1. Could you check, for the range A:177-194, whether at least one of its residues is part of a helix (DSSP H, G or I), of a type in the set (Asp, Glu), farther than 23 Å from A:Arg243 by Cβ and open to solvent by 30 Å² or more (accessible area, probe 1.4 Å)?
2. Which residues, taken from the range A:254-265, are touching a Leu at 6+ places or on another chain (Cβ under 8 Å), closer than 16 Å to A:Thr304 by Cα and not small (Gly, Ala, Ser)?
3. With respect to A:Glu118, is the statement that it is touching a residue at least 24 places away in the same chain (Cβ under 8 Å), over 48 Å from the mean Cα position of the chain (by Cα) and open to solvent by 10 Å² or more (accessible area, probe 1.4 Å) true?
4. Identify all residues within the range B:67-80 that are within 18 Å of B:Thr139 (Cβ to Cβ) and free of Cβ contacts under 8 Å to residues at least 60 places away in the same chain; write none if there are none.
5. Which residue out of A:Glu233, A:Glu222, A:Glu258, A:Glu254 is open to solvent by 50 Å² or more (accessible area, probe 1.4 Å) and touching a helix residue (DSSP H, G or I) at 6+ places or on another chain (Cβ under 8 Å)?
6. A:Val549 - would you say it is under 26 Å from A:Leu608 (Cβ atoms), at pLDDT 90 or above and touching a Phe, Trp or Tyr at 6+ places or on another chain (Cβ under 8 Å)?
7. Looking at the range B:247-265, is at least one residue open to solvent by 40 Å² or more (accessible area, probe 1.4 Å) and farther than 20 Å from B:Arg299 by Cα?
Amino acid sequence: MAAPAGPELERVLREAAAALGRAGAAEGTGQGPAAALGAVLSALSAAGGPAALGERERAQFGAFLRSLARAPGAARPDGEWQRCFLEGPPGLALCILLEALGSAGPGLAPREAAAMLERFLREGRLSALLWDGCQQQAHGGCPEQQDALLNRIVCLPEHVSNKLQGENPPVFFPQNYFPLLGAAVLQVLQMISDSLRGGLDCSISFVSHVLGKVCIHGRQKEILGVLVPRLTELTKSDCIWQRICWRLVECVPERWMEAVVLGFVQRAPGSDVLSRLLGNLVVKNKKAQFVVTQKVLLLQYGHTTAVLQNLLGYLSLDSLRRALLLRVLQELLETWGSSSAVKHSPPEQQLYISKAILICLSHLKEPEIESCRQELLTSMMEGVKCHLDSSLPQLRRLGMVVAESISSKINTEGPVLKFEYEEDDETRELRSLLVQTPPLCVVPSLPGDDRSEKAGAALPLVPESNKKSQTAAPVMPDKESDAELDSDDDLVPYDMSEDKELKIKAPVYIRDCIEVLTGSEDVDKWEATVKALESLIRRNPAATREVSVELAKILLHLEEKTCIEGFVELRQRAQVAVLTTDPIPVSKYLTSQFYSLNYSLRQRMDILDVLVLAAQELSCPKFHGKPKHSDAQKPRIQLLPGNDSSKDWRRIVDERIKSKTRRFATRQCHVEPASSPNQFSSVAGHFFFPLLQHFDRPLTTFDLLGEDHLVLGRLVHTLAVLMYLAVNAVAVTAMGKALLEFVWTLRFHTDSYVRQGLLSCISSLLLSVPAELLLADMTEELLETQSWLGAASFADMVEKDPDGDCRRLALQNLLLMENLKKKLEAVPS
Amino acid sequence: MRASRRPRDVTRGARRPPGSRGDRRIIAAPLPPRRRSFIAGMALPPPDPQFVLRGTSAAIHTLHFSCGGQEPDLPVLFSGSENGLIHVWNLKTHRVDTALDGHGRKSVYCVETMGGKDRLLSQGRDQRICLWDLAEGRTSVTDSVCTEHVGFCRCSLVQLAQGRWLMATAAKGLQEVQVLELPSKTSVCTLKPEVGAKLGMPMCLKLWQLSCGSQPLLLAGYEDGSVILWNVTMGKALSQLICHQEPVMSLDFDSERTKGISGSSEKVLCIWSLNEQQNLQVYKTHELVNAGISDITIRPDKKILATAGWDHRIRIFGWKKLKPLAVLDYHTAAVHCVSFSEHRNPRERLLAAGSRDQRISLWSLYTQS
C-alpha cells in the first residue's frame, strides 16, 4: 500500500480537523480551513485515492469528514468541502452525509446535506461505493460494516424521505434512485469484467447482496429494468459476461434468492435469454430450485403465461435441467389429477396449472415421452375423471382440453381422445400453448405441413385430373350454351305456384297429440306434433287441464326420436306451458318425480329447469299479455260476470271524461302497464316445499349428498330462484325458514357450485321476505347465518372461501343484511 | 286386382282422389289452353294423372316399361314392390297380367328387361338378382346371381352385343362395385376405390357406352356425395366429382351430350358434364323446394327429365337447361321411382311414378314434339 503517504495524510487530516474546529469556535472567516482542506485533497490524491487508504487512515478521514460536516457554513470553503466528500472514501462520505441529514446544529443544514448527497449520486459515486464494497469484501472486510453499508445504500430513499419529509428532491424517489443504482451496478460489473480480463480476481458478492436486498424490498422492476436489457445485450456472445452474470445471481444470499430469481424470470424477454442470464442456477442452488420448480408453479398462480413460458423454456434448454422439467411435469400432473385439489383450489389456479402442463408438454421430446408414457396416461385418466366430475363448466372444459393435449402427445399414431366442448378464447389460448414450439427449434412448422400434405394427397382418387373438378363452383358452359339458348323453350311450363315446402299437418286437439306422442310410428307427424304442442297447449287451457298430468308425464319421458332442430327447447317450452296452465297438479307430479327412482340426471335437471321457467312466467306480469285472452274463457270469470261489467263501466266513464275534457297539452298521456295479480304467489309453496323434502335420503340411483352434487347445485340454485320469485307470497315466511334450515345443513359442502347456490338462496331470502317477518320469525337462524358469512367468526366465507364468486356473494349478503339493519333502525324512530 | 280409371267428366271435382285440387281446375277451365299460358301467373294448372294403377297392396319401389314391341305385342309395365312381388301390368286394360314371386317376399327394388319383355331381370332385398323367362306365359326364374349386397343400390345393365349384357351391381365389400357379364355370369372386374378413400357404399350406378362397341364406362354415386367415373375394362377410376354433401340417391346420364344429373337427400339437383379429358365438372346446380330425391330419369328422347321426390311430388324439367316445367302433386307419400316408356309413337309415351302410398300414377306429358 501507499505506506509513505500514510503518515503524511494522517498529519494533514489531523491538522485539517483542528483547523475546522478552530474555525467553528471563532466564528470567523479564515484562510486556515481552506488551506487545510486543500492540503487534505492533495495528500489524498498523492496517497493514491480513497481505495488505497488503510484502516487507520479511513478512521481518521471519517473523523475529518465528520468535523467538516459539523463546521458552520462560513468555516467551510465553498467548492473545497464538496470535493472532500466527493473524492474521499465513498462509504464514509455517504455515511456522514446521512448522519448530517438528521442532525440539528450549526453544521451542515439538512438541505445542504441533501444537495450534497444528490451531487454524490449524480457524479457516479455510487459505483465507486459499490466497487469499494467489492474490494473490501475481497479483502475480508468486517461483515457488520458491510451490512451497515448495504443497508444505507438500499434504504437511502426511505432514509432521505424520512428526514426531509415533503422536501425530498426527486432524485431520491425510488423510481429514480433504483435505476441509478442499477446503472452503478452495471458500471461495477464492467470494472469487474475489465479486471477479470486483466487477470485479477474479483469478488462480486457485494453487488449480489445489493441486488438481493433491493429485490427483497420490492424494487425488482426498477433495478432489473435497467440491468436485464443491458445484460441480455452483453451476454449474447461473451462468455466472461455470462459467467459474471451467473456469479452475480449465485452469490445472492438464500433469503433474497426468491425475489431475485422471480425478478429475472419475470423480466427476461425469452427463455433463451433467461438461460444465458441464470445459467444452471437451479441445479446448483437449492433455494432457487425450490422457487422455480415448486413455488412459482404449484404455490403461486398470479404469474402471466409469458412467465410460465420463460420458466419452463429455461428448464428445457439444458440437459441437466431437463430432468427437472420432467419432475415438474409429474408434480403438476399430480396436482392436476388430485380430486381434492380440483375441489378445493380456485379455478384460476387450476387454469394456471393446466397452462403449465401444456407448456411442459410442448417442450417434451419423443424419447422423453416414451419414457414416461405410462405415468402420463395414468395421471391423465385420474385427472379427467375428477375434472369431469366437477360442476363448474370451466373446470370440466379445462380437464377436457388438457386431457386431449396429453393424449395427442402420447399417442402419436393411435387414436386420440376427443371431447365435445365449445371453443372459446380460453381453450384456444390453451391449445396454442401446446403447438407453440421452443424458441430454439429451427423450422417449427415443417413436420405438420408435411403431414397435412400427405393427408390431402390420400383423398383424391385421380390426383392429376380432379384438381379442378374438386371445386364445386359451376364451370360455365362454353360454346354449346349459345346453341342451346332456346332449346327448352318449346316446352311450356305448367303452373308451379303450389310447389311449397311440405308441411305435415299437426294434430289440432291435445288428446290427439298424446296419441301421436305415445304410439305413433309416423315420424313426420311426430315431429310436427312436437313443434306444435306448445302453442296448442297455450291456446286450449281448459282442454289441457283435463289431461295436464298425463301430458307432463309424456313430455318428461319424451325422447328425441328423430333429429329435430331445437328438440330440447321445444320439449321444455311445452313442459313449461303445461305447468303454467295447470300449476298445482303438474308441479305436484314433477316435484314428486324429482325424487323418484329411475330417472337420469338430465331428466331431474330438466324438472328443475321447467319449474324455474314456469315460476318465472307465472310471476311475470308482462307475460300475461298474450295468454290473458284465454282468461276470458276461464270458468272463474264466467262465474263472476260482475268483473267484466265493472271493466266496461270503467271504460265507459273514461271515454265520457275524455270526450268532455279539453286538453291543452298534446303530450301523450303515459299509459300505465296493466297490472295483474302475481299468479305464482298462490302456488309458490307447491313448487317449493316438495323439493326440500327428500334431499338427504339417497336412492340407489340418485345420491344428492354424494356424487350427484351437480344436481344438488342445480337444486339449490332452483330453490334460490323460486324463493326470489315468491316475493309477497303468503307462504314466503315459511319458505324462508325452511330454506335457512336447508342452507345451514349444507353450508360446508365441498363443491363451490353448491355453495354459490346456497349464498344465492340467502340473498333471495333477504330480498323476498319482509324485514319485520325476518326478524320476528327467524332471528336466530339469521344470526347464525351471519356469523357463517363472516361478520364475527374466523371461519368465515368472505375471507376464507377458495372460490372468488363465493367470496363475492358472501360479501353481498353481508351488505344486504347491513341494509336491512339500517332500514329497521330507521323505521321505529 | 284392377286398375281404376280416372273419371274425366264434369263432376271430377267431387270425385277426384285425395291430393289434387279441384277448385283451381275449375277456375282455370275456361281459359283457352296455349295462348294464355305465356302470361305470367296464368300458366296452365298441372295436369292430372292419366291413369292410376292400384292394387299392389305394398309400396312400389321400381317401375319399368316395355312398350316398344311390334303390333301384336301389348305394352306392359313391370312394377316391383315391397312385398316381393313383381306385377306385370297390361297398359291396354290397366290390369295385372301376372304377379311374379321370386324374391322370398323381400322387397324388389330393381326391374329391367333384357331385349324384349320376355326376358326380365329383377333385384331384391334377398340379395339376389333373378333372371326370368316370361315367354309364352312362363313365369320361371332361369338363373340368379347372389350379390350379398345389403344396400338399396339398383344394378345397371348395358347391352354389349346381341345376347350379351354387362351388368354392374354393388358387391359384398362395403365400397365395391362388381361388373358381370350376362347371361354367362363371368366376372369382368371389381371396382374398388383407393385404399383410404372414404366413399361409403355405392348408392346408384349407370353403365353406358359412348357408342355401340366402345369401352363401357360406369358412373357410380356414393354415400359421401361423390360421383366417380370408372373405366370398366381397366378397372380404374377416371374422375371423381364431389357434387353433394349427402349420399347420391340417384343419377342419370345422357351419353350424347355427355352430361349427367344427380340427386341426393339434400335440396339440390346437380348437373355435371364430362369433358374430352374425361373429367367430371359441375355444370349447374338447381335448388329444390323440399329435400330428398329418390329417383331421376331422363326421357329417352332427351327432352325432359323427371324426378321422384320425398315430398310426394314428381318434378319435370327440360333437360337442356333444366328449366322447371311441372310439379305433379298427386301422391300422398314419398315417390320412389319414375320411369318413361319407349313407345314408338311419341304421342303415346308415358311417365310412370311409383310411390310409398302403394299407387302407380301414369302421366302423359309433353308428347307433342
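1. no
2. Of everything in the range A:254-265, those that are touching a Leu at 6+ places or on another chain (Cβ under 8 Å), closer than 16 Å to A:Thr304 by Cα and not small (Gly, Ala, Ser) turn out to be A:Val261, A:Phe264, A:Val265.
3. no
4. Once the filter is applied, which keeps residues that are within 18 Å of B:Thr139 (Cβ to Cβ) and free of Cβ contacts under 8 Å to residues at least 60 places away in the same chain, the range B:67-80 yields B:Asp73, B:Leu74, B:Val76, B:Phe78, B:Gly80.
5. A:Glu254
6. yes
7. No, the range B:247-265 contains no residue that is open to solvent by 40 Å² or more (accessible area, probe 1.4 Å) and farther than 20 Å from B:Arg299 by Cα.
Quick grid of which residues meet (1) β-branched (Val, Ile, Thr); (2) more than 21 Å from A:Asp696 (Cα to Cα); (3) in a helix (DSSP H, G or I); (4) modelled with pLDDT of 85 or more:
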site	(1), (2), (3), (4)
A:His749	no, no, no, yes
A:Arg755	no, no, yes, yes
A:Leu759	no, no, yes, yes
A:Ser763	no, yes, yes, yes
A:Asp777	no, yes, yes, no
A:Ser787	no, yes, yes, no
A:Ala791	no, yes, no, no
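The values are calculated or read from the model by the stated rules, or taken from the named source; none is laboratory data. Nothing here was measured: the structure is a model prediction, and the numbers come from that model. Counting neighbours? That spans all protein chains shown, and the Cβs are built from the backbone with ideal geometry, glycine included. Accessible surface areas use protein heavy atoms only, side chains included; no ligands, DNA or RNA. Shrake-Rupley method; radii C 1.70, N 1.55, O 1.52, S 1.80 Å.
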